Amino acid sequence: MTLDSSRSLANRILLGLVIGVVAGALTLALGQVFPNLLLVAQKVAVTFLDPLGQIFLRMLFFVVIPLVFASLASGVTQLGRLDRLGPLAGRTFILFFLNMIVGVALGLLMMNTLRPGDHLDAEAKAHLLSEYGGAAEQHLETQASAQPVSLMMIVEMFMPKNLLGAVVGHSDNAIGAVLPLILFAILVGAVGTQLEERRRLKLLEALDLVADLMTGIVHFALKLAPYAVPAMIYSVVVKVGVDIFLALGVFTLGCSVVMMVHLFGTISLWLKFWAHRSPRQFFRDVRTVLVTAFSTSSSNATLPTSLSCAHEVLNVRPSIAGFVLPLGATMNMSGTALYEGSVVLFIAQVFGVELSFTQQLTLLLLSVLSAVAVAGIPGGSLPLIAGLLATFGIPPEGIGIVLGVDRLLDMLRTTVNVGFDLATAVIVDARVLLDEIPAEGST
């Protein structure tokens, strides 16, 4: 995908977003006068528009598993020497966790300043809980079935007995486990660096071929994006409605603003001082990826587009992009960590539970750790948020209060997640290049 075609696609998708939002708002307005019209629009959204959006999503999900494996294994194999993996991984993980710590800190600062939970009256809370109580119970059941965190649980997460079964998944409606796939890909790449040069290059060629094939499928999917995106956005608007947005307006606006501050402010500072790169040019180059992340609400679904942009537009070396971006799609959940901390503090305010400074520091740490475990799919953080609420003695049923606006904020936090993935790849690439220049000049 060339830079011009990438920008053209971003403009078309943005136009689709505007059309979807305007059409949805107009439908809601007319629905106040003609209630039957809104019911018909909701049925049309469920019957026709949701399937169109799912076709786009499923094409992206098709390639997630093979692309994660091929790109990550290729990225490690391209290092050539195993001793190069340590500094690369060190920089990557430090940036990941720094991203998330800063994000949660900003979210908690916003919540303590605005205190949106104090703006909801009893009637609004009762309405929201009655509206989403059933969905909240489902998320609570999911959380209740989960085992408490332990060392053995972490081993099971990364090293299941049946790798293929874990990666393939136990349901056609869910992507298989990605963490064990990542570990396996790193092991394959690490062993690949030990092969003789001829065989290493053959392995690298095979992995790159798989990655190129998957990227080709992504390009097919992106041709559908200008039509699928407005369909998905319109469907969200007509089904969510305005009452919930009005009741949660302060919370939604506060989260949205702080996520954008984190995305454009923090990234700009890091790019300027750590990568010596123009933030304005960076955001121009990644527009298509950010819009894709916003519309799909999925880091995994956006990964193919992120890899394509990193290689073809940002000129990040394949070995760096292939290592950082697949890891980031699973572990670098800066927007998700910010959102989790904000939601817990918001619901605590709603129910009158005051969290001390020490408790909020604990919440910061737990939000970062739980965000790493969140699946890169829409709504993947909800069960973990319920667990955090219970940890601090807040009624877990309170998660029902935010379900009405979760999809919109899911779009925003996914955009933040993906933006930091790309920024991390650019920064790591720049720092590794600086390390290599003296070595090359001394030979």
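Note down the relative contact order for segment 278-425 as a percent, whole number, built from C-alpha pairs under 8 angstrom at least six residues apart.
40
With label points built 7 Å along Cα→Cβ from the Cα atoms of Leu187 and Arg199, find their separation and express it in nm.
The modelled label-to-label distance comes out at 1.8 nm.
Rounded if a/c is under 1.5, else prolate if a/b beats b/c, else oblate: with a ≥ b ≥ c from the C-alpha gyration tensor eigenvalues square-rooted, which is segment 206-309?
oblate
Using the count of nearby Cβ atoms within 10 Å as a rough guide to exposure, how do Ser342, Ser334 rank from fewest to most?
By the 10 Å Cβ count, ascending, the order reads Ser342, Ser334.
In what sequence do Ile55, Ile394 fall when counting other Cβ within 10 Å, fewest first?
Neighbour counts put them in this order, fewest first: Ile55, Ile394.
If you count, for each residue, the other Cβ atoms within 10 Å and average over each peptide, how do 198-206, 347-355 line up from highest to lowest?
With the highest mean Cβ count within 10 Å placed first, the list reads 347-355, 198-206.
Rank by packing, highest mean first: peptides 291-299, 385-393, 270-278, with packing defined as the count of other Cβ atoms within 10 Å averaged across residues.
291-299, 385-393, 270-278
Treat each spin label as a single point 7 Å out from the Cα along the C-beta direction, and report the Val432 to Ser8 distance in nm.
Between Val432 and Ser8, the label points sit 3.2 nm apart.
Between Val155 and Asn112, 0.36 nm times their residue separation minus their Cα-Cα distance comes to what?
So the chain would gain 11.8 nm between Val155 and Asn112.
Any read-out appearing in this document is the output of simple, stated calculations on the displayed coordinates, not a laboratory observation. Keep in mind that this is a model prediction, so the values were computed, not measured. Cβ atoms come from the backbone with ideal geometry, glycine included; neighbour counts cover every protein chain shown.
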